[in-house]
Amino acid sequence: MMALVRPQFVLFGDSITEQSLRPGGWGAALADTYSRKADIIVRGYGGYNTRWALFLLNHLFPLSCPTPPVAATIFFGANDAALLGRSNQRQHVPVEEYKENLRKIIDHLKECLSSMLVVLITPPPVDEDGRKEYARSVYGEKAATLPERTNDMTGVYASECVQLAEELHIPCINLWSQMQQTPGWQKKFLSDGLHLTAEGNNVVYKGVLQVFNNAHLCAEEMPYDFPHHSEINGDQPEKVFQQKI
């Protein structure tokens, strides 16, 4: 039988998720990999932190949905880690609250479907010099002299994300740690000290794909939603549809 309803994989996060459908983005790469196998649904909200994300849960993941997602990525923290007293302080969420907000998001998703594969992704590292360069390019002389985020503080949030995943026995992709293992990561993976280059997007894509594959959601093993064209008889096309639908 063909899979008449494609399973849904939802990517939930901030601007790094919102931008993932751009050319070279990790969401676009997943959509291509799972073409005709699963629907990749991007729900990314630029500037959002976990506190604000909680207001979206009942709208994006209603408990009454008859076909909840099979898998979901949760990719927040870059904005939660904005520092108090700096230009983006309204986005700041204390790290303890950040961890509990992630827990609430996971609990809600598991209430939608207990078997849902939930994948946590830590915020990527921050190139502080890159953030200052970006601010000067946008605001000129009015740019703040201190970056609104630091790599060390973002690492604290990343650590809490990893710890929560361990507590709940769910997979986690530790971008903060992984990316910094590559020399020159600052410009190789980050376009403005925070958001991802094409190579940075590829790191996320490969990480998510590996987790999906390990969870038996390998695209190569999943059925097409409808028959492949090679199975269709030009003279009697109805036969294959009658057999497999």
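The values are calculated or read from the model by the stated rules, or taken from the named source; none is laboratory data. These numbers come from a predicted model, not from an experiment. Reconstructed Cβ throughout: ideal geometry from the backbone, glycine too, with neighbour counts over all protein chains shown. All accessible areas refer to the heavy atoms of the entire protein, side chains included, with ligands and DNA or RNA removed. Shrake-Rupley method; radii C 1.70, N 1.55, O 1.52, S 1.80 Å.
Suppose we filter Arg51, Arg22 for residues that are closer than 20 Å to Ile105 by Cβ, out of contact with any Phe, Trp or Tyr (no Cβ under 8 Å at 6 or more places or on another chain), basic (Lys, Arg) and open to solvent by 50 Å² or more (accessible area, probe 1.4 Å); which single one remains?
Arg51
For the residues Val208, Val203, Val156, Val138, the requirement of being touching a strand residue (DSSP E or B) at 6+ places or on another chain (Cβ under 9 Å), open to solvent by 20 Å² or more (accessible area, probe 1.4 Å) and part of a helix (DSSP H, G or I) singles out Val203.
Every test in (1) out of contact with any Lys or Arg (no Cβ under 7 Å at 6 or more places or on another chain); (2) open to solvent by less than 10 Å² (accessible area, probe 1.4 Å) is passed by Ala82 save one, and that test is (1).
Taking Leu190 as the residue in question, decide whether it is modelled with pLDDT of 95 or more, open to solvent by less than 30 Å² (accessible area, probe 1.4 Å), of a type in the set (A, V, I, L, M) and touching a helix residue (DSSP H, G or I) at 6+ places or on another chain (Cβ under 8 Å).
Details: modelled with pLDDT of 95 or more: yes; open to solvent by less than 30 Å² (accessible area, probe 1.4 Å): yes; of a type in the set (A, V, I, L, M): yes; touching a helix residue (DSSP H, G or I) at 6+ places or on another chain (Cβ under 8 Å): yes.
Taking the combined requirement at face value, the residue satisfies it.
Going by what's in this entry, would Ser87 be described as part of a loop (DSSP other than H, G, I, E, B), open to solvent by 40 Å² or more (accessible area, probe 1.4 Å), among the polar types (S, T, N, Q) and free of Cβ contacts under 8 Å to residues at least 12 places away in the same chain?
On the way: part of a loop (DSSP other than H, G, I, E, B): yes; open to solvent by 40 Å² or more (accessible area, probe 1.4 Å): yes; among the polar types (S, T, N, Q): yes; free of Cβ contacts under 8 Å to residues at least 12 places away in the same chain: no.
Criteria not met by Ser87.
For the stretch 68-77, indicate whether the set of residues that are closer than 21 Å to Asp192 by Cα, crowded, with 23+ Cβ neighbours inside 10 Å and β-branched (Val, Ile, Thr) is non-empty. So far as the stretch 68-77 goes, no, none of its residues is closer than 21 Å to Asp192 by Cα, crowded, with 23+ Cβ neighbours inside 10 Å and β-branched (Val, Ile, Thr).
The residue that is surrounded by the most Cβ atoms within 10 Å (Cβ to Cβ), counting only those in the stretch 159-187 that are among the small types (Gly, Ala, Ser) and in a helix (DSSP H, G or I), is Ala165.
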